[in-house]
Structures are given as structure tokens and as C-alpha cells.
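Undergrad: Structure below; questions to follow.
The values are calculated or read from the model by the stated rules, or taken from the named source; none is laboratory data. Treat the numbers as computed from the prediction; the structure is a model and nothing was measured. Every residue, glycine among them, receives a Cβ derived from its backbone with ideal geometry; neighbour counts consider all protein chains shown. Protein only, heavy atoms only, side chains kept; ligands, DNA and RNA dropped before computing areas. Shrake-Rupley method; radii C 1.70, N 1.55, O 1.52, S 1.80 Å.
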Amino acid sequence: MHGMTPDPRTPETPETPETPDHQAPDYDRAEKTIDSEIDPGVRAVVVAVLVMLLLLTLALPHTGSVSGFDVLSGNDAALADAIALPSRVFVWFVTVFAVVASVLALVTRIWALAWIALAGSAIASVFGMLSIWSRQTLPADSTASGPGIGLVIGWILVVALTFQWLKAVWNKTTAQLDAQERRRAASVEAEQNSRWAGPVLGRPTDRKP
């Protein structure tokens, strides 16, 4: 029938219940995670090659027939050739920081480990120079040998590794400082907008001086 109205008792299509809002992602935590990591890019390949070459230099003579592994262990061959303290410190810093810390920094990409590898490699560079100098300034009556090819090449490689880590850490630090400055400016702008947003309720004469 044409004049019939729809039965008000007819059930309407039930509305789909709204799904509860999921917890908003923690952007601050994600940003902190990104800030704590490095992205060396192509430089990672260069660092990996330098680390492998440094390991090879430990097998080469550091002075006379004494290899870097002999200096590291302090065996009879190293004692017989009067290995000085700078050479021992250089080999240990190369092993612990230039090799081990660099590998860990490349694998984990942790910014703090990159800093440790940088600092240790820089100190190793200084002691490498002192090691070469100490082998070149032996007493005239000394029977010890001068600096070996392994020591010289190892020093050059650790200087190059220090430069690579310096570039990676410096670029990351600069990016972090820029991000912090942008966040600070955005926070100040948001605070100013919230302070002046919205109408003032009441008449002007109602405001207390």
C-alpha cells in the first residue's frame, strides 16, 4: 500500500562497533633508538677492509723477526728484541679497539661503540708513532732491530681507520644536534600557539587588572 509508513519497530542495520584505538606509537622512544645508532653506509666497507688489513699486519714483523702477535703475547722472541712499552701498548690498542670495537660497532651500529673505536684508534695512532720513533732511536751499542714493515703499515692503517670513524661519528653528531635544535624550535612554537589559541571568555570589563 502506497500510504504505508515503515514500521518503526523494524530494526535498523546495527552499526559496526568502533574498534578501540590502538596505543599510539612511542615516537620519542623510536627517535632515541635512531639517535643511538649510526649508519656508516659505504664507509662500513672501508672500515671492514682496514680492520682485516690490521689483522694481517699483526702477522708481519714489527721489528726484526718479531711479529705483532709475538709483541701481543710478550713471548721470548719479543723479550729478546727488547720490545719497549709503546710497542706493546700500540699492539694491544690495535687489537682491542681498532679491531674488536670496530667490528662490534659495525655489527651493532651502536653510536657509543663507534665512539669507543674512534677514541681507541686515535690513542693507538699516537702510540704507533712512538713505537716507530723508539725503534729508530736505539742506543748505538744496542743489538735490537729497527721498526719492521708490520709496525709501519699497521700505524698507517690505524691512522686511516681513525679518520673513517671520525667522519662517521662527526656526521652522526651533527645530525643529532640539528634534530635537537628542530625539536626545541617546534616545542617553543607549539607552546606559543597553545598560549594564544582560543577565544577569551567573558567581556573585557570582566577581566581583573
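Undergrad: Report the extension gain between Val42 and Leu60 in nm, rounded to one decimal, defined as 0.36 nm multiplied by the number of residues separating them, less their alpha carbon distance.
TA: Length gained, Val42 through Leu60: 3.7 nm.
Undergrad: Under the √(5λ) rule applied to the eigenvalues of the Cα gyration tensor, what semi-axes describe the equivalent ellipsoid of segment 33-81? Give them in Å, descending.
TA: Taking √(5λ) for each Cα gyration eigenvalue gives 35, 13, 5 Å.
Undergrad: Going from the alpha-carbon gyration tensor of segment 71-133, what semi-axes, largest first and in whole Å, does one get by taking the root of 5 times each eigenvalue?
TA: For segment 71-133, the semi-axes come out at 26, 12, 5 Å.
Undergrad: Ok, one more. Which sequence of Ile153, Ile83 reflects their accessible areas, 1.4 Å probe, from the largest down?
TA: Reading off the accessible areas and sorting them downward yields Ile153, Ile83.
Undergrad: Here's another thing I want to ask about it. For Trp170 and Asn75, calculate 0.36 nm times their separation in residues minus their Cα-Cα distance, and state this gained length in nm to one decimal.
TA: Roughly 30.2 nm would be gained on extension.
Undergrad: Out of residues 5 or more away from Glu37 or on other chains, whose amide H comes under 5 Å of its own, with H placed 1.01 Å from N in the peptide plane?
TA: Result for Glu37 returns Trp111.
Undergrad: Moving on. Among 87-93, 108-114, 64-70, 39-45, how do they line up by average Cβ neighbours within 10 Å per residue, starting with the highest?
TA: Taking the mean over residues of other Cβ atoms within 10 Å, the ranking is 87-93, 64-70, 108-114, 39-45.
Undergrad: Hey, can you grab everything whose amide H is under 5 Å from the amide H of Gly148? Only 5+ residues off in sequence or another chain; H modelled, so Pro and N-termini drop out.
TA: Thr63, Gly64
Undergrad: Apply the Karplus parameterisation 6.51 cos²θ - 1.76 cosθ + 1.60, with θ equal to phi minus 60°, to every residue of segment 145-158 and state each ³J(HN,Hα) to the nearest whole Hz, in sequence, with x for glycine and proline.
TA: Result, ordered by residue: 8, x, x, x, 5, x, 5, 5, 5, x, 5, 4, 5, 6 Hz.
Undergrad: So how exposed is Val152, as accessible area in Å² (1.4 Å probe, rounded to 10)?
TA: Rounded to the nearest 10, that gives 50 Å².
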